[in-house]
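First up is the structure itself, then whatever we jot down about it.
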Amino acid sequence: MTLAVIALLVLLAISGTPLYIVIAAASLYGFYVADIDLQAIAIEIYRIAETPLLIALPLFTLAGYILSASQISHRIMNMMQAIAGWMPGGVIVIAFIVSAMFTAFTGASGVTIVALGALLFPALVKMRYKEDFCLGMVTTSGSLGLLIVPSLPLILYGIIAQQLELEQTFTLNDLFLAGILPSVLMIMALVTYSIYLHRDIDVVRTRFNVAKLREAIWSLRWELPMPLLLVAGIYSGYFVISEAAALIAIYVIVVEVFILKEISLKKLVDVSRDAMLMVSSIVIILAVSMALTNVFVDIELADSLFDILSQYISNKYIFLILLNIFLLFVGAMIDIYAALVIIVPMVLPIAMKFGIHPVHLGIIFLANMQIGYMTPPVGINLFISSSRFKQSIENVYKSSLPFLLVLLFCLMLITFVPEISMLFIDDFN
Amino acid sequence: MLKRARRILSILEQYLLMVLLLSVLVLSLAQIILRNIYDDGIVWMDALLRAHVLWLALIGAMMAVKENRHIAITFLNSYMNESVRSTVRIIKQSVSAIICFTVSYYSFSYMLLEYEYETIAFWKIPLWLTTSIIPITFLVMGLRYITHINDIEEGSSR
């Protein structure tokens, strides 16, 4: 009976039924089997109102949506050229860094490709970088930055892990610190590859111009302090993440709507509405998943899965390899937020039994999701790039493949050298 | 008549969403300022803010049904022909409606229970009131899955 229900639910899920419906149905069935009053579903959904960190989610999303709707990408583009246009390969270096930060702020919703990539791509081609390379680069940049504060998936992983009441606890700050070196590693690897690729090509360089640089930085005078304040405020512990989120959201509204006037009040309403609908679609899945997670805990799913797995998997390295393959597949198929909410409660307890630190697992998980965004055949960013730059999807596959391989190499390092993620975490030894 | 009701609901939810969001921004700012002046701010403010998030998310979820913004796995859609696709659509929207009505029914009875017990959520706000958005949202979502069965567009979400 239960097997039939599971099969039916999976069928519903892959045929496009909203995931929150499928999860709610699974939870209701779980309660029914366990002889728990179905009213429990309401109690579980209400736990959304008892999750302290959750408020950061709508606020950061709002800030990101407003930034994407402003003219900031034009201003960033000018600054990049002014700072690094004179240096061979300089624009590439700074483009990777800025794209990663842009993605961290706007969420990996493809905005980086659509807004920033759209300016970057023609500019790079004009500077005589190889067209294939440029296409691959902007596609890659769409999900680079997932591990940098205040990326929503990073925060969401922390929220979900804290809901699980694990034996080994960690703070959001641990997670933020853990994301730093893996991000640096990925950017450095991508830059190295890019410069190696263009070693014989003489790209167009602009002359360094102090006035232009000053002008470009001046046009970003309101936005530039933001990441600095955010990072300083959070890492120093002066602001908790929800307060930082509120301040950033308010700051962005004041700057873009009232000071720079790049967004009208009417547009602000539209953008806010759009942002809230996006948040809702995540939070409602999170809400019903809390019920499902409880069902999992009741039936001791993690224990039985671990018992089965440990018969075949003798050590944690084999487990990690299989986990990566599984997550890459998941990342390419399912929306990142749905994947986090559904897969983390299942995988995290098992991974911990294999001796993997929850912070390290979070970094592995998100690094996989990041790559999943650009994994053929269904990685979403490939399609976004294809339609935005009017390129055939095969062309996008081909040009982003080298970047994919570079990132896979980084993923291996991140997976098997925990120190890259855990270096700054105190209680890890 | 039905059309009019739908229109009113659309406007109402849009306003409510914006008011809640604005209120989150204002309250958060107030809380930060108070915390810096009086050390701990207003004790129940955080609970109030968290309740806001629940309401924001559920009202947004209601609106997301109408615009087909809910997260779903849609890559199989492109392999279905039109007639298969519309049959599948009817099945999944009926299932969605049934699940929504079930959740609505049980959360309504949970709400009644809390009404009887007079449980307090925070400050002087009763728990049944903050909970009430759950049965309402799921009822509206269920109704939307039925009434929009033909006009919810496919494929706008992933």
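Odds and ends about this structure:
- Condition check for B:R89: more than 7 Å from every other protein chain (Cβ to nearest Cβ) and either over 20 Å from A:L28 (Cβ atoms) or in a helix (DSSP H, G or I) (or both): yes
- With respect to the conditions (1) under 20 Å from the mean Cα position of the chain (by Cα); (2) facing chain A (nearest Cβ under 8 Å); (3) more than 23 Å from B:L56 (Cβ to Cβ), B:L76 lacks only one, and its number is (1).
- In region B:6-40, the qualifying residues are those that are modelled with pLDDT under 90 and buried (at least 18 other Cβ atoms within 10 Å of the Cβ), and the one that is nearest to the other protein chains (Cβ to nearest Cβ) is B:I32.
- Flag for A:S141 being surrounded by 23 or more Cβ atoms within 10 Å (Cβ to Cβ) and closer than 30 Å to A:P345 by Cα: yes
- The set of residues from region B:71-87 being within 22 Å of A:I380 (Cβ to Cβ) and surrounded by fewer than 19 Cβ atoms within 10 Å (Cβ to Cβ) comprises B:T74, B:F75, B:L76, B:N77, B:S78, B:Y79, B:M80, B:R85.
- Taking residues in region A:307-335 that are more than 14 Å from chain B (Cβ to nearest Cβ), and partners anywhere that are outside any helix (DSSP H, G or I) and exposed (fewer than 12 other Cβ atoms within 10 Å of the Cβ), the pairs with Cβ atoms closer than 6 Å and at least 6 places apart or on different chains are A:K316/A:G355.
- Yes/no for A:T106 being under 21 Å from A:Y337 (Cβ atoms), in contact with a Gly (Cβ under 8 Å, 6 or more places away or on another chain), within 14 Å of chain B (Cβ to nearest Cβ) and among the β-branched types (V, I, T): no
- Screening region A:364-392 for residues that are surrounded by fewer than 18 Cβ atoms within 10 Å (Cβ to Cβ) and farther than 19 Å from A:F329 by Cβ and picking the one that is nearest to the chain's Cα centre (by Cα) gives A:S387.
- Hits in region A:405-422 - residues which are touching a Ser or Thr at 6+ places or on another chain (Cβ under 9 Å) and surrounded by fewer than 20 Cβ atoms within 10 Å (Cβ to Cβ): A:V406
- Among all positions in region A:220-236, there is no residue which is under 27 Å from the mean Cα position of the chain (by Cα) and closer than 23 Å to B:H52 by Cα.
- Criterion violated by A:V269 - all others in (1) within 10 Å of chain B (Cβ to nearest Cβ); (2) surrounded by 17 or more Cβ atoms within 10 Å (Cβ to Cβ); (3) not basic (K, R) satisfied: (2)
- Number of the condition not met by A:D132 [criteria: (1) among the charged types (D, E, K, R); (2) over 30 Å from A:H198 (Cα atoms); (3) at pLDDT 90 or above]: (2)
- Checking every residue in region A:85-97 against the condition of being under 30 Å from B:M45 (Cα atoms), touching a residue at least 60 places away in the same chain (Cβ under 8 Å) and crowded, with 18+ Cβ neighbours inside 10 Å gives zero matches.
- Subset tally (residues that are acidic (D, E) and farther than 30 Å from A:S281 by Cβ) for region A:152-210: 3
- Hey, A:V184 free of Cβ contacts under 8 Å to residues at least 40 places away in the same chain, in a helix (DSSP H, G or I) and of a type outside the set (F, W, Y) or not: yes
- Within region A:234-247, the set of residues being more than 11 Å from chain B (Cβ to nearest Cβ) and not in a loop (DSSP other than H, G, I, E, B) comprises A:I234, A:Y235, A:I241.
- In region A:27-43, the residues that are within 10 Å of chain B (Cβ to nearest Cβ) and in a helix (DSSP H, G or I): A:S27, A:L28, A:F31, A:A40, A:I41, A:A42, A:I43
- Which listed residue is free of Cβ contacts under 8 Å to residues at least 24 places away in the same chain, under 30 Å from B:S23 (Cβ atoms) and facing chain B (nearest Cβ under 10 Å), from A:Y20, A:Y46: A:Y46
- Some residue of region A:281-298 being part of a loop (DSSP other than H, G, I, E, B) and either within 25 Å of A:L54 (Cα to Cα) or modelled with pLDDT of 90 or more (or both): no
- A:E215 satisfies every condition listed in (1) over 25 Å from A:A332 (Cα atoms); (2) without any contact (Cβ under 8 Å) to a residue 12 or more places away in the chain except (2).
- Residue-level check: of (1) surrounded by 17 or more Cβ atoms within 10 Å (Cβ to Cβ); (2) not in a helix (DSSP H, G or I), B:V43 misses just (1).
- Check on B:I149, modelled with pLDDT under 90, over 24 Å from A:V283 (Cβ atoms) and part of a loop (DSSP other than H, G, I, E, B): yes
- Residues within region B:53-86 that are in a helix (DSSP H, G or I) and under 21 Å from B:V103 (Cβ atoms), tallied: 14
- Residue tally, condition within 8 Å of chain A (Cβ to nearest Cβ) and either of a type in the set (A, V, I, L, M) or in contact with a Cys (Cβ under 7 Å, 6 or more places away or on another chain) (or both), over region B:48-61: 9
- Test: residue in region A:276-286 that is without any contact (Cβ under 8 Å) to a residue 60 or more places away in the chain, farther than 17 Å from A:T106 by Cβ and not aromatic (F, W, Y): yes
- Filter result for the condition that a residue is part of a helix (DSSP H, G or I), touching a helix residue (DSSP H, G or I) at 6+ places or on another chain (Cβ under 7 Å) and either over 24 Å from A:L62 (Cα atoms) or modelled with pLDDT of 90 or more (or both), over A:L147, A:L175: A:L175
The values are calculated or read from the model by the stated rules, or taken from the named source; none is laboratory data. These numbers come from a predicted model, not from an experiment. Note: ideal-geometry Cβ built from the backbone for every residue, glycine included; neighbour counts use all protein chains shown.
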